[in-house]
Amino acid sequence: MKRIAIFYCKKIKDHTCIACTKCFKGASNREGEFAQYDDDIEIVALTDCGDCPGLLYPRIPMILGAVKNMGVEVDAVHFGSCIKMAYEHGYCPMEVDEVAAKAGNILDIPVIIGTHPYEPYMAFRK
């Protein structure tokens with residue numbers, strides 16, 4: 001089983017993905033960035049990025065430490081599709097690619113940008 005921690009964008013999370021339902025669906029169906037896993041997926045942490053101006057980097061080890069204190073190891077970190085969207089559209093002040101690379105090197109686990117493949121506002125469509 002792959003144990004995943006997901007970080008979402010605090011500014012736009014409930015505007016594009018209400019209650020992270022798309023992340024849960026993507027993980028359950030192994031779609032989007034979750035398709036790379038052959039094992040079952042367990043989401044062991046789901047939290048925000050820490051808000052602007054780019055506080056995600058210091059939050060990652062803090063959150064993973066909290067999970068570890070609960071007796072659980074994290075196999076991979078995902079930055080939610082909402083973080084990816086905020087970064088690509090110019091709203092996110094941090095260099096997401098750089099943060100993912102640095103965090104992955106320090107933690108020695110994969111840090112993946114993106115989660116689900118679904119459109120931002122698909123909940124409003126039939």
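General remarks:
- Residue among GLY90, GLY50 that is outside any helix (DSSP H, G or I) and closer than 21 Å to GLU119 by Cβ: GLY90
- Residues that are of a type outside the set (A, V, I, L, M), modelled with pLDDT of 95 or more and farther than 16 Å from ASP108 by Cα were ranked within segment 49-78; the one that is surrounded by the most Cβ atoms within 10 Å (Cβ to Cβ) is ASN69.
- Counted residues, segment 1-25 - those being over 12 Å from the mean Cα position of the chain (by Cα), crowded, with 16+ Cβ neighbours inside 10 Å and under 14 Å from MET85 (Cβ atoms): 4
- Of all residues in segment 6-31, those satisfying the criterion of being within 24 Å of GLU73 (Cβ to Cβ) and touching a residue at least 12 places away in the same chain (Cβ under 8 Å) are ILE6, PHE7, TYR8, CYS20, CYS23, PHE24, GLY26, ALA27, SER28.
- Selection from segment 10-47 of residues that are under 21 Å from CYS92 (Cβ atoms), at pLDDT below 95 and acidic (Asp, Glu): ASP14
Quick grid of which residues meet (1) closer than 15 Å to ILE6 by Cβ; (2) without any contact (Cβ under 8 Å) to a residue 12 or more places away in the chain; (3) touching a Pro at 6+ places or on another chain (Cβ under 7 Å):
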{"site": "GLU33", "(1), (2), (3)": "yes, no, no"}
{"site": "ALA45", "(1), (2), (3)": "yes, no, no"}
{"site": "GLY54", "(1), (2), (3)": "no, no, yes"}
{"site": "LYS84", "(1), (2), (3)": "yes, no, no"}
{"site": "GLU88", "(1), (2), (3)": "no, yes, no"}
{"site": "PRO93", "(1), (2), (3)": "no, no, yes"}
{"site": "ILE113", "(1), (2), (3)": "yes, no, no"}
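The values are calculated or read from the model by the stated rules, or taken from the named source; none is laboratory data. Quick caveat: nothing in here was measured; it's all calculated off a predicted structure. A quick note on method: Cβ atoms are made from the backbone with ideal geometry, for glycine too, and the neighbour counts reach across all protein chains shown.
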